[in-house]
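> Dropping the structure in here first, questions after.
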Amino acid sequence: MTLNAYRCPNGHVTYPGHELCPECGEEQTEEIDLSDEIGEVVTWTTNTAPPPGVRQPNSLAIVEFEVEGTSVRAIGQLAEDSEVEIGDEVRPVYAEELRNPDAGIRERESQEWDGYRFESA
Amino acid sequence: MDRVAIIGASMTKFGEREEWLRGLLAQAGRECLDDAGVAPDEVDHLYVSNMASGEFEGQTGVCNALAHDLGAMPAYTQRVDQTSASGGAGIYAAWQSVASGASEMTLLVGGEKMTHRTTAEATDVIASLTHPVEYKHGVTLPSFAGLTARRYLHEYDAPRESLAKVAVKNHENGLDNPHAQFRKEVDLETVMESPIVADPLRLYDFCPITDGSAGLLFCSESVAQELVPEDEYTVISGIGGATDTHVVHERDDPTVMGAAVESSDTAYEMADREPDDVDVAELHDMFTILEFLQSEAVGFFEQGEGWKAVEEGVTERDGELPINTSGGLKSKGHPLGASGVAQAYEIHQQLLGEAGDRQVEAEVGLACNVGGFGNCVTTTIMEEP
Ligand SMILES: [Zn+2]
């Protein structure tokens, strides 16, 4: 599992990737690994009433990365013990299973369940 | 041009109901036809707005079930799903069917049955609309609300209390709505001290989980003039629908609801109206923050200033622009597929002068129905003929 953003020939960057670039409709041809980058917290929340199979409470953040002059955002859980504010710097940290794939409504096989949380940098 | 008219409207009691979806739809459908004095076999098209009857209760094919239960065969029938905006999308479909000439008489019934599930389960059914990179992190609609509310308060220096005042206002309006789930006044302190759900939002910033149904009957204005007196129907003068990104964090500005901007632009242009012309509005306050975002997106207030309107009482029932006179989703409840239809029901009642204790002076009304976290939006402008 990676934390990859995708770029089209016109320099638009998205995370996650799409069939075609949402900005210009061209194919996204380049992958950019964000997992070693430092990002900045755009906003965060702590959800005390999460759905089945999700840790409780579940803290989440939207994080902005700078990729060669273009910004791209990602959403993810905050690592345990990471208290953040808007503007703080965070780094991605790998987690094998972000929620129990068998507890919720979505089919286990339909998607990935590992990924990156964010911790204070 | 022959405009599309609404000649009948109904809504069931919202709340915890014993009936399952078929029963709720049948009740609203029957009452809607009765309201207009139109027989079931006169219905050419029948639309059912519903997000998740299969997921909630294992009943699919609800549009055909309703046609049979009402005796509306052989009407063309279709289920309309646009998640929480299914009701607004149903209005769009019904409007299209009449405006195109494909149907002379169209019945729209929206409904959802949810309260037999736990809050966690219902939240998960709704969260299933998210992208896999969101869903795997346990992202829910309430968590989008928390993330966006924090950003909004930060960017526009709005006090946390301003959000609470939306809840207080809408609960006060709901007191006078016999169909509302909660007819209970709440004060600022109660909202501000209620348990955190998605920081900085608290329990009273969120709408409840609800069962219920609502209906609308559509025909062309020329047909309406033959069937009912002029003071008993309203017209759809403008309607627009639009989408925003599926992945919520990919929006340029998290505090702007792009699909509400686009859909309202389309609706204003069709109606040849401006935001200033609107006398009363129903906005999709699934979360208090959404009332601010939509009141700005549909052009009532400048970006970042929706909170001031609430602080100044502008959006109260006796204010310059009453918003959510029905009590909104906040106190009326939010049976997903029914909500957009029930918004138009409220505007219809207001325009006809039949809103009882909730009555305001209004000739032009607007309803904004939101799916996902602004992922799909329909805006409808309704007027006296
Ligand atoms: Zn591009």
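> Name the single residue, out of those in the range A:12-24 being open to solvent by 30 Å² or more (accessible area, probe 1.4 Å) and within 7 Å of the ligand (Cβ to nearest atom), that is nearest to B:Val248 (Cα to Cα).
A:Glu23
> Cβ-Cβ under 9 Å, sequence separation 6+ or interchain: first residue in the range A:1-24 and within 11 Å of chain B (Cβ to nearest Cβ) and among the small types (Gly, Ala, Ser), partner within 8 Å of the ligand (Cβ to nearest atom) and assigned to a loop (DSSP other than H, G, I, E, B). Which pairs?
Close Cβ pairs (under 9 Å, with a partner that is within 8 Å of the ligand (Cβ to nearest atom) and assigned to a loop (DSSP other than H, G, I, E, B)) amount to A:Gly17/A:Gln28.
> Okay, moving on. Give the residue that is nearest to the other protein chains (Cβ to nearest Cβ), with candidates limited to residues of the range B:256-273 that are within 21 Å of B:Leu141 (Cβ to Cβ) and β-branched (Val, Ile, Thr).
Filtering first and then ranking leaves B:Val256.
> Okay, moving on. For the range A:30-59, name all the residues that are out of contact with any strand residue (DSSP E or B) (no Cβ under 7 Å at 6 or more places or on another chain) and more than 13 Å from every other protein chain (Cβ to nearest Cβ).
A:Asp36
> Then there is this: Taking the criterion of being among the basic types (Lys, Arg) and within 16 Å of the ligand (Cβ to nearest atom), would at least one residue in the range A:81-94 satisfy it?
Looking through the range A:81-94, none of the residues is among the basic types (Lys, Arg) and within 16 Å of the ligand (Cβ to nearest atom).
> Is it true that some residue in the range B:320-333 is closer than 26 Å to B:Val186 by Cβ and open to solvent by 10 Å² or more (accessible area, probe 1.4 Å)?
Scanning the range B:320-333, I find at least one residue that is closer than 26 Å to B:Val186 by Cβ and open to solvent by 10 Å² or more (accessible area, probe 1.4 Å), so the answer is yes.
> Filter the range B:126-135 down to the residues that are over 27 Å from B:Ser10 (Cα atoms) and either open to solvent by less than 10 Å² (accessible area, probe 1.4 Å) or in a helix (DSSP H, G or I) (or both), then identify the one that is farthest from the other protein chains (Cβ to nearest Cβ).
B:Thr130
> In the range A:1-11, which residues are within 11 Å of the ligand (Cβ to nearest atom) and not basic (Lys, Arg)?
Those that are within 11 Å of the ligand (Cβ to nearest atom) and not basic (Lys, Arg): A:Tyr6, A:Cys8, A:Pro9, A:Asn10, A:Gly11.
> Please state which one of B:Asp253, B:Asp276 is within 14 Å of chain A (Cβ to nearest Cβ), surrounded by fewer than 24 Cβ atoms within 10 Å (Cβ to Cβ) and free of Cβ contacts under 8 Å to residues at least 40 places away in the same chain.
So the residue among B:Asp253, B:Asp276 that is within 14 Å of chain A (Cβ to nearest Cβ), surrounded by fewer than 24 Cβ atoms within 10 Å (Cβ to Cβ) and free of Cβ contacts under 8 Å to residues at least 40 places away in the same chain is B:Asp253.
> Can you tell me how many residues in the range A:72-96 are modelled with pLDDT of 95 or more and open to solvent by 100 Å² or more (accessible area, probe 1.4 Å)?
Result for the range A:72-96: 4.
> Scan the range A:56-76 residue by residue and report those that are under 26 Å from B:Tyr152 (Cβ atoms) and either in contact (Cβ under 8 Å) with a residue 40 or more places away in the chain or within 16 Å of the ligand (Cβ to nearest atom) (or both).
Correct list: A:Ala61, A:Val63, A:Phe65, A:Thr70, A:Ser71, A:Val72, A:Arg73, A:Ala74, A:Gly76.
> Need the failing condition index for A:Thr45 against (1) touching an Asp or Glu at 6+ places or on another chain (Cβ under 6 Å); (2) within 16 Å of the ligand (Cβ to nearest atom); (3) not aromatic (Phe, Trp, Tyr), just the number.
(2)
> Identify the residue in the range B:256-267 that is in contact with a Leu (Cβ under 9 Å, 6 or more places away or on another chain) and open to solvent by less than 20 Å² (accessible area, probe 1.4 Å) and, among all such residues, is farthest from B:Glu302 (Cα to Cα).
Checking each candidate, the answer is B:Ala267.
> Exactly one condition in (1) within 12 Å of another protein chain (Cβ to nearest Cβ); (2) away from the ligand (no atom under 16 Å from the Cβ); (3) open to solvent by less than 20 Å² (accessible area, probe 1.4 Å) is not met by A:Ile105; state its number.
Status for A:Ile105: all satisfied but (3).
> Residues in the range B:327-341: is at least one closer than 23 Å to B:Val197 by Cβ, outside any helix (DSSP H, G or I) and small (Gly, Ala, Ser)?
yes
> Moving on. Restricting to the range A:25-42, what's the tally of residues that are surrounded by fewer than 19 Cβ atoms within 10 Å (Cβ to Cβ) and near the ligand (Cβ under 8 Å from one of its atoms)?
Qualifying residue count for the region: 2.
Okay, residues lined up against (1) open to solvent by less than 20 Å² (accessible area, probe 1.4 Å); (2) closer than 18 Å to B:Val248 by Cα; (3) within 14 Å of chain A (Cβ to nearest Cβ):
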position	(1), (2), (3)
B:Glu112	yes, no, no
B:Thr119	no, no, yes
B:Ser143	yes, yes, yes
B:Ala149	yes, yes, yes
B:Glu161	no, no, no
B:Ala164	yes, no, no
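> Pull up the range B:224-246, narrow it to residues that are closer than 30 Å to A:Ala74 by Cβ and in contact with a strand residue (DSSP E or B) (Cβ under 8 Å, 6 or more places away or on another chain), then point me to the one that is farthest from the other protein chains (Cβ to nearest Cβ).
B:Gly241
> Filter the range B:182-220 down to the residues that are aromatic (Phe, Trp, Tyr) and more than 17 Å from B:Leu153 (Cβ to Cβ), then identify the one that is least open to solvent (accessible area, probe 1.4 Å).
That would be B:Phe218.
The values are calculated or read from the model by the stated rules, or taken from the named source; none is laboratory data. Treat the numbers as computed from the prediction; the structure is a model and nothing was measured. Note: ideal-geometry Cβ built from the backbone for every residue, glycine included; neighbour counts use all protein chains shown. Each accessible area value is taken on the protein alone, full model and side chains, heavy atoms only, with ligands, DNA and RNA left out. Shrake-Rupley method; radii C 1.70, N 1.55, O 1.52, S 1.80 Å.
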